[in-house]
Amino acid sequence: MRKPLVAGNWKMNKNVQEATLLVADLIPGLESVKTVDRVLCPPFTSLMVVAGMVAGTEIALGAQNMHWENSGAFTGEASPSMIKEFCHYVIIGHSERRTYFCESDETVNKKIKGAILHDLIPIICVGETLEEREKDRTGEIISRQMKGAFQGIESIDPAKLVIAYEPVWAIGTGKASSPQDANNVIGNMVRENMKILFGEEIAQLVRVLYGGSVNGQNAGDFFKQSEIDGGLVGGASLKPSDFLQIVEAAT
Ligand code: PEP
């Protein structure tokens, strides 16, 4: 039985004061939903203050990115052990990073290895663009991204890993995938690739989220699908009532 997980990716939104107000609004509602793993991913600048606020709760934090090296001359980057000071999770390979910051299957792979080495749980994002979908290349893209992500990794603990299927065309557009389609991609492509790479048992144990324009209204339809174990939520995670509705829909 896979425990549902909902992660809020705030992206580059909220200064420290705004983050403080948002978390204060979220804590009571999030704390009451114990059957779902709840993860907040604020920007780096707010991690420390948010970590102080959620200390003693079951709410976990995630970073939105990470360098694979643990220290050195990498101006502007944050290392696994720096992130580990505040976070249990780290989002890796988000499509916005692949699109705007040259994130490749190779850098995703290095970051996943860095995360595993430092006992951080990577939330690994995969998904196709609209053009790729229209050319019927979704399966090929997911397979390439997953093989690349796990290159050189021979065994994994499925409890220390989360995958998010995020069709690029659905992220931040208000055009969510259909729940049945997302379920089909996750079951027949994401889990199938996990099976090829690590075997059937791990493919069934690993949690796979859907991400892409999830909101309070549509979340329930996604989360009742058999292959979908929760959501990676962008825009709606900045609105407390929407985010709480989404988390409750995962129970
Ligand atoms: C995301 O940032 O991963 C995401 C899915 O964004 P949104 O929910 O806004 O589409």
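Observations on the model:
- Of residues in segment 1-25 being within 16 Å of the ligand (Cβ to nearest atom) and under 16 Å from Ser241 (Cα atoms), the one surrounded by the fewest Cβ atoms within 10 Å (Cβ to Cβ): Trp10
- Test: residue in segment 96-114 that is out of contact with any helix residue (DSSP H, G or I) (no Cβ under 7 Å at 6 or more places or on another chain), closer than 19 Å to Ala164 by Cα, polar (S, T, N, Q) and in a loop (DSSP other than H, G, I, E, B): yes
- Within segment 93-111, the residues that satisfy the criterion of being surrounded by fewer than 18 Cβ atoms within 10 Å (Cβ to Cβ) and either within 13 Å of the ligand (Cβ to nearest atom) or of a type in the set (Phe, Trp, Tyr) (or both) are Thr99, Tyr100, Phe101.
- If you check Ala73, Ala115 for being farther than 22 Å from Leu209 by Cβ and among the aliphatic types (A, V, I, L, M), only one passes: Ala73.
- Unique residue being surrounded by fewer than 20 Cβ atoms within 10 Å (Cβ to Cβ) and in contact with a Ser or Thr (Cβ under 6 Å, 6 or more places away or on another chain) when the list is Thr75, Thr45, Thr35: Thr35
- Only one of the numbered conditions (1) in contact with a helix residue (DSSP H, G or I) (Cβ under 6 Å, 6 or more places away or on another chain); (2) within 16 Å of the ligand (Cβ to nearest atom) is violated by Gln64, and that is (1).
- Against the list (1) farther than 22 Å from Gln225 by Cα; (2) within 16 Å of the ligand (Cβ to nearest atom); (3) of a type outside the set (D, E, K, R), the condition Cys125 fails is (1).
- Check on Gly187, within 15 Å of the ligand (Cβ to nearest atom) and either assigned to a helix (DSSP H, G or I) or small (Gly, Ala, Ser) (or both): no
- Ser177 vs. criteria in a loop (DSSP other than H, G, I, E, B), out of contact with any Lys or Arg (no Cβ under 9 Å at 6 or more places or on another chain) and at pLDDT below 95: yes
- Gly199 being of a type outside the set (A, V, I, L, M), free of Cβ contacts under 8 Å to residues at least 40 places away in the same chain, away from the ligand (no atom under 14 Å from the Cβ) and on the phi < 0 side of the Ramachandran plot: no
- Qualifying positions in segment 202-223 - surrounded by 20 or more Cβ atoms within 10 Å (Cβ to Cβ), among the aliphatic types (A, V, I, L, M), touching an Asp or Glu at 6+ places or on another chain (Cβ under 8 Å) and without any contact (Cβ under 8 Å) to a residue 60 or more places away in the chain: Val208
- Residues in segment 202-216 that are more than 16 Å from the ligand (Cβ to nearest atom) and of a type in the set (A, V, I, L, M) were compared, and the one that is nearest to Pro240 (Cα to Cα) is Val206.
- In the set (1) within 16 Å of the ligand (Cβ to nearest atom); (2) closer than 15 Å to Ile92 by Cβ; (3) of a type in the set (A, V, I, L, M, F, W, C); (4) touching a helix residue (DSSP H, G or I) at 6+ places or on another chain (Cβ under 7 Å), Val162 fails one condition alone, (4).
- Residue check, Ser226 within 21 Å of Glu128 (Cα to Cα), in a loop (DSSP other than H, G, I, E, B), among the hydroxyl-bearing types (Ser, Thr, Tyr) and free of Cβ contacts under 8 Å to residues at least 60 places away in the same chain: no
- Of the criteria (1) away from the ligand (no atom under 12 Å from the Cβ); (2) surrounded by fewer than 22 Cβ atoms within 10 Å (Cβ to Cβ), which one Asn193 fails: (2)
The values are calculated or read from the model by the stated rules, or taken from the named source; none is laboratory data. Owing to the predicted nature of the structure, the values given are computational and were not obtained by experimental measurement. Heads up, the Cβs are rebuilt from the backbone with ideal geometry, glycines too, and the neighbour counts pull from every protein chain shown.
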